[in-house]
Amino acid sequence: MDRTLKSFSLLLSYPTTELQEAMPEIGGVLASDTRLTAAARRDLRPLVEAMSNDDIYDLQERFVMLFDRSRSLSLNLFEHVHGESRDRGGAMVSLLETYRAGGFEPATTELPDHLPVLLEFLSTRPRAEVQDTLADAAHIFEAIRARLENRESPYQAVFSALQQLANVTADANAVAELLEQPEDDPNDLEALDEVWEESEVTFGPDPNAGCPQVRDILSRIDQPAGPVPPAAAE
């Protein structure tokens, strides 16, 4: 198992006391992964420290305000690509079948495209497949990272690290297109309710769906990308 991807999956999950108790181990895993530059490992420390030491209710409130009340920061990847189109349901079915073909049954109520679920699955897959899949979503990671940076959130470091593991530079035009989408106001609960009432996604067995690899599923969000030159360790 790729313990770094598993750690990122946990870091992007709803904070719990159990997660807080696991933070020393998670922090140790991230600090020792030399696939990440020294700067990337250093940038992850504020999030690890906050998750370890802050009041659990404060952590939960911040998480909800960021990821649950803002579609522009949604951790459901297909939300950024398909929106509410019917294509999203088909992509979700295919992704779930890919999980099952790989012997992975998500033990969660989250949708299959939820990033922590995808990262948990990828933690069990060959490194080449992992890199290709992360590369396909690099422009989404960069758009989310930029928005988190604007909000001065330490979660931005996770998305920077995921791009390093993908070893690509996100396509600038694709990132710009995502960033052109308006930001949500997490305090406007009435508008939020209206959005989610309109955004129900249903999916079921698809007789035409096979069991393609994750890269084939996420090819729907693939964008041109170039290799990142190796960064000098600090």
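Taking segment 114-153, which residues are over 12 Å from the mean Cα position of the chain (by Cα) and within 16 Å of residue 74 (Cα to Cα)?
146, 147, 148, 149, 150, 151, 153
Looking only at segment 40-54, count how many residues are farther than 11 Å from residue 27 by Cα and among the polar types (S, T, N, Q).
So the count comes out to 1.
State whether the residues of segment 87-104 include one that is within 19 Å of residue 3 (Cβ to Cβ), of a type in the set (Asp, Glu), surrounded by fewer than 18 Cβ atoms within 10 Å (Cβ to Cβ) and touching a residue at least 24 places away in the same chain (Cβ under 8 Å).
No; the residues of segment 87-104 include none that is within 19 Å of residue 3 (Cβ to Cβ), of a type in the set (Asp, Glu), surrounded by fewer than 18 Cβ atoms within 10 Å (Cβ to Cβ) and touching a residue at least 24 places away in the same chain (Cβ under 8 Å).
Hey, among the residues in segment 70-106 that are at pLDDT below 90 and among the basic types (Lys, Arg), which one's farthest from the chain's Cα centre (by Cα)?
86
Can you tell me which condition residue 61 does not meet? The list is (1) over 22 Å from residue 168 (Cβ atoms); (2) of a type outside the set (A, V, I, L, M); (3) buried (at least 22 other Cβ atoms within 10 Å of the Cβ), and all the others hold.
Of everything listed in (1) over 22 Å from residue 168 (Cβ atoms); (2) of a type outside the set (A, V, I, L, M); (3) buried (at least 22 other Cβ atoms within 10 Å of the Cβ), residue 61 misses just condition (3).
Checking residue 109 against (1) out of contact with any helix residue (DSSP H, G or I) (no Cβ under 9 Å at 6 or more places or on another chain); (2) at pLDDT 90 or above; (3) not aliphatic (A, V, I, L, M): exactly one of these is not met. Which one?
That leaves (2) as the condition not met.
Please indicate, with yes or no, whether at least one residue in segment 184-197 is at pLDDT 95 or above and surrounded by fewer than 17 Cβ atoms within 10 Å (Cβ to Cβ).
Checked against the condition, which is being at pLDDT 95 or above and surrounded by fewer than 17 Cβ atoms within 10 Å (Cβ to Cβ), segment 184-197 yields no hits at all.
So, in segment 123-174, exactly how many residues are surrounded by 20 or more Cβ atoms within 10 Å (Cβ to Cβ) and at positive phi?
The number of residues fulfilling the criteria is 0.
For segment 15-70, which residues satisfy the criterion of being outside any helix (DSSP H, G or I) and in contact with an Asp or Glu (Cβ under 6 Å, 6 or more places away or on another chain)?
Residue satisfying the conditions is 70 alone.
Of the conditions (1) free of Cβ contacts under 8 Å to residues at least 12 places away in the same chain; (2) touching a Ser or Thr at 6+ places or on another chain (Cβ under 7 Å), residue 20 fails just one. Which one is it?
The single condition residue 20 does not satisfy is (1).
The values are calculated or read from the model by the stated rules, or taken from the named source; none is laboratory data. For clarity, every value in this text was computed on a predicted model and none was experimentally measured. Using ideal geometry, Cβ is built from the backbone for each residue, glycine included, and neighbour counts are taken over all protein chains shown.
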